[in-house]
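Down below is the structure, laid out as structure tokens.
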Amino acid sequence: MAGLKHRQNGIEIISYYTGYIVLIVASLMTIPIITSLLFFEWNPMLDFIISDAIAFILGILMIMYGMRSKERNHDIQWKHGFVIASLSWIVLTVLCAIPYMLSGHSLSFVDACFDVMSGFTTTGLALTQDLDHISIGLNMWRHILTFIGGQGMVVLTLTFLGKEMGGAFKMYVGEGKDIELVPNVKGTARQIWKISMIYLIIGTIVLWIVGMSIGLKPVSAFLHALFIFASSWSTGGFAPNSQNIMYYHSIMFETVSMVIFILGSLNFGIHYAIWQGKRKEIVKNIEIQSFLVTSFVACMLALAGLAKLDVYPNAIAGFRRVIFNVISAHTTTGFGSIYARQFALEWGDFGILIMVVAMLIGGSACSTAGGFKGLRVGIVFKGLIMDVKKLLLPERSMNVYKYHHLKDRVLDDTVIKSSAIIIICYIVTFTTGTILGTFYGYPISASAFESASVTGNVGLSIGVTTSSMPTAMKLFYIIAMYLGRLEFLSVFALIGYFLGGVKKACQNILKH
């Protein structure tokens, strides 16, 4: 009986904090409501008012249900923090998909949820119909989702409610982050948003100027600048037009966006350290070292492979069509400077292989990027070197091996093992997606490309992701994006918590 009561308290705690996260994110619908009002888009405005009302009602009901728990102000357990983080993403995906459905630009609710999860996870794949003619309000919402998702819904909520949340750090870690910029979680969350907002102002202004210089009208240039910055900084890949970054026909626009998404793919801790005057971090940090090596090798191999195929005739074309796409893949941004089918028709198997590897590696930990992260690649590589050195040294040697990530850290077997386990989880998810694609008749290279894109939260497509693809693939891609963004553990905690409840319920039924 005591166990049942304890579990009931746990459910109430989860409901209470999940409700708060729902309320905070739902309040962001005010922005597309105001946007629609300013541009006289009455139907979209009504869509968001209805959606906002539904989300607020659900959030309040969850909080009211959770208020029955006397333990909610106490330090919650790790399992609760992980479940709150993973559950809130599912609830918000369903709620935030409502405006998509009401707009008439989604063929099904699964398609709408696909686009929301793609935004939240900063993937950037889209099933939205007639993208070139959706309302400004809905376009604003798409890019809010990807900008918020990059930082994290829990991080956003902790910015406002950190003091009230006894288990704030556990929810923060549950969302795939563990960096502490300052001694408390609320302060860290605020620093993350401070960094993002400063870049938002600077990046939007620069892109606005570039947009006007290529012929966009001031208001249109501002909106495009805001949208492209949101996607670049969040390594999200959404764009306000179906042609993506190609719409602008500008090497300057592409270069500025590339600078932004490289910055966005870096650990927030690295940004904070550099802002604090620790510029040596640029050279010493294992993540930056790993990114420079892997991105350089990937670019050189891709250029060599495509030069052999004689696809792009000169250096400018090589930069705009090869390097841009490889870096976009590696940072998991997903902006494409060529059409989806060009990867299949022009890049060949070698070029596709390079892109698959780059997408799976991804950017930095505790950034807006996806993939299994340069930090883990660096740790596993250094672990391999460490084991080789140990074999060559005398048995009594007691050398301590270290790596530098914001500070010097001991490289031990536990760190290496945890990094390797997460990498294995990504590879298993990628392999499952590839098998599923080939099962439904897609070529293995196309299946691998698309599976790497969703698993690494990239958003580049080879032409597989369309509204006509099988529903089973849509659902798997949603799950893969979700798993990849939250880095598996909190989702596993949610599944375990749910299965544990089912098991106990069955045991109680059998007893009676």
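Quick check: anything in segment 102-110 closer than 28 Å to Tyr172 by Cβ and either at pLDDT 95 or above or not hydrophobic (A, V, I, L, M, F, W, C) (or both)?
No - not one qualifying residue is present in segment 102-110.
So how many residues does segment 169-202 have that are outside any helix (DSSP H, G or I), without any contact (Cβ under 8 Å) to a residue 40 or more places away in the chain and under 17 Å from Ile84 (Cβ atoms)?
Residues meeting the conditions: 0.
Residue by residue, here is whether (1) in a helix (DSSP H, G or I); (2) without any contact (Cβ under 8 Å) to a residue 60 or more places away in the chain; (3) on the phi > 0 side of the Ramachandran plot holds:
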{"position": "Val400", "(1), (2), (3)": "no, yes, no"}
{"position": "Lys417", "(1), (2), (3)": "yes, yes, no"}
{"position": "Ser445", "(1), (2), (3)": "yes, no, no"}
{"position": "Ser451", "(1), (2), (3)": "yes, yes, no"}
{"position": "Ser467", "(1), (2), (3)": "no, no, no"}
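Please determine, by comparing only the residues of segment 441-494 that are open to solvent by less than 30 Å² (accessible area, probe 1.4 Å) and of a type in the set (Val, Ile, Thr), which one is modelled with the lowest pLDDT.
Val491
Pairs, please: C-beta under 8 Å, at least 6 apart or cross-chain, first residue touching a residue at least 24 places away in the same chain (Cβ under 8 Å) and in segment 106-120, second in a helix (DSSP H, G or I) and basic (Lys, Arg)?
Val110/Lys474; Asp111/Lys474; Phe114/Lys474; Asp115/Arg142; Gly119/Arg142; Phe120/Arg485
Filter segment 469-488 down to the residues that are more than 12 Å from Leu127 (Cβ to Cβ) and not in a helix (DSSP H, G or I), then identify the one that is nearest to the chain's Cα centre (by Cα). Write out each step before concluding.
If we filter segment 469-488 for residues that are more than 12 Å from Leu127 (Cβ to Cβ), which is where we start, we get 470, 472, 475-476, 479-488.
Of the ones still in play, those that are also not in a helix (DSSP H, G or I) are 470, 487-488.
Values: Pro470: 24, Glu487: 10, Phe488: 13 Å.
So the residue we want is Glu487.
Would you please name the residue that is nearest to Met252 (Cα to Cα), looking only at residues in segment 299-315 that are buried (at least 21 other Cβ atoms within 10 Å of the Cβ) and under 28 Å from the mean Cα position of the chain (by Cα)?
Once the filter is applied, the top-ranked residue is Cys299.
Do the conditions hold for Val415, that is, is it out of contact with any Pro (no Cβ under 7 Å at 6 or more places or on another chain) and modelled with pLDDT of 95 or more? Lay out the reasoning, then the answer.
On the way: out of contact with any Pro (no Cβ under 7 Å at 6 or more places or on another chain): yes; modelled with pLDDT of 95 or more: no.
Spelling it out, it is not the case that Val415 is out of contact with any Pro (no Cβ under 7 Å at 6 or more places or on another chain) and modelled with pLDDT of 95 or more.
Do you know which of the residues in segment 203-241 that are polar (S, T, N, Q) and not in a helix (DSSP H, G or I) is most open to solvent (accessible area, probe 1.4 Å)? Even if it seems obvious, please write down each step before you answer.
Just the residues of segment 203-241 that are polar (S, T, N, Q), to begin with: 204, 213, 220, 231-232, 234-235, 241.
Pick out the ones that are also not in a helix (DSSP H, G or I) and you get 234-235, 241.
Numbers: Ser234: 0, Thr235: 0, Asn241: 23 Å².
Restricting to residues being polar (S, T, N, Q) and not in a helix (DSSP H, G or I), the top hit is Asn241.
Quick one: is Ser196 buried (at least 16 other Cβ atoms within 10 Å of the Cβ) and more than 26 Å from Gly318 (Cβ to Cβ)?
Values: buried (at least 16 other Cβ atoms within 10 Å of the Cβ): yes; more than 26 Å from Gly318 (Cβ to Cβ): yes.
When the stated conditions are applied, Ser196 passes them.
Does Asn244 satisfy the condition of being surrounded by 22 or more Cβ atoms within 10 Å (Cβ to Cβ) and more than 21 Å from Leu200 (Cβ to Cβ)? Walk me through how you get there before you give the answer.
Details: surrounded by 22 or more Cβ atoms within 10 Å (Cβ to Cβ): yes; more than 21 Å from Leu200 (Cβ to Cβ): no.
No, not satisfied.
Got a sec? Which of Val400, Val410, Val388, Val415 is within 23 Å of Ala273 (Cα to Cα), surrounded by fewer than 12 Cβ atoms within 10 Å (Cβ to Cβ) and among the β-branched types (Val, Ile, Thr)? Step through it out loud before you land on a result.
Values: Val400 fails: within 23 Å of Ala273 (Cα to Cα); Val388 fails: within 23 Å of Ala273 (Cα to Cα); Val415 fails: surrounded by fewer than 12 Cβ atoms within 10 Å (Cβ to Cβ).
The conditions single out Val410.
Considering only residues that are touching a Lys or Arg at 6+ places or on another chain (Cβ under 9 Å), farther than 14 Å from Leu216 by Cβ and not hydrophobic (A, V, I, L, M, F, W, C), which ones fall in segment 237-254? Give the steps one after another, and end with the answer.
First, pick out the residues of segment 237-254 that are touching a Lys or Arg at 6+ places or on another chain (Cβ under 9 Å): 238, 240, 251, 254.
Narrowing the set further to residues that are farther than 14 Å from Leu216 by Cβ leaves 238, 251, 254.
Matches in segment 237-254: Glu254 only.
Among the helices (runs of 4 or more DSSP H) lying completely within segment 316-382, list those that include at least 2 residues that are in contact (Cβ under 8 Å) with a residue 40 or more places away in the chain, open to solvent by less than 10 Å² (accessible area, probe 1.4 Å) and closer than 16 Å to Gly305 by Cα.
324-330, 348-361
Could you grab the pairs with beta carbons closer than 8 Å, sequence gap of 6+ or different chains, first residue in segment 209-229 and in contact (Cβ under 8 Å) with a residue 40 or more places away in the chain, second one hydroxyl-bearing (Ser, Thr, Tyr) and crowded, with 16+ Cβ neighbours inside 10 Å?
Val210/Ser250; Gly211/Tyr248; Leu226/Thr204
Assess whether Lys308 counts as being assigned by TED's automatic domain parsing to the domain that holds Phe350 and at pLDDT below 90. Explain how you work it out, then say what you get.
Details: assigned by TED's automatic domain parsing to the domain that holds Phe350: yes; at pLDDT below 90: no.
No.
With the condition kept exactly as written, say whether any residue in segment 181-191 is touching a Phe, Trp or Tyr at 6+ places or on another chain (Cβ under 8 Å) and surrounded by fewer than 19 Cβ atoms within 10 Å (Cβ to Cβ).
Of the residues in segment 181-191, the ones touching a Phe, Trp or Tyr at 6+ places or on another chain (Cβ under 8 Å) are 181, 185, 188-189, 191.
Subset that is surrounded by fewer than 19 Cβ atoms within 10 Å (Cβ to Cβ): none.
No, segment 181-191 has no match at all.
The values are calculated or read from the model by the stated rules, or taken from the named source; none is laboratory data. Given the structure is predicted, the values throughout are model-derived calculations rather than measurements. Neighbour counts are summed over all protein chains in view; Cβ atoms, including those assigned to glycine, are modelled from backbone coordinates with ideal geometry. SASA here: full protein model, heavy atoms, side chains in, ligands and nucleic acids out. Shrake-Rupley method; radii C 1.70, N 1.55, O 1.52, S 1.80 Å.
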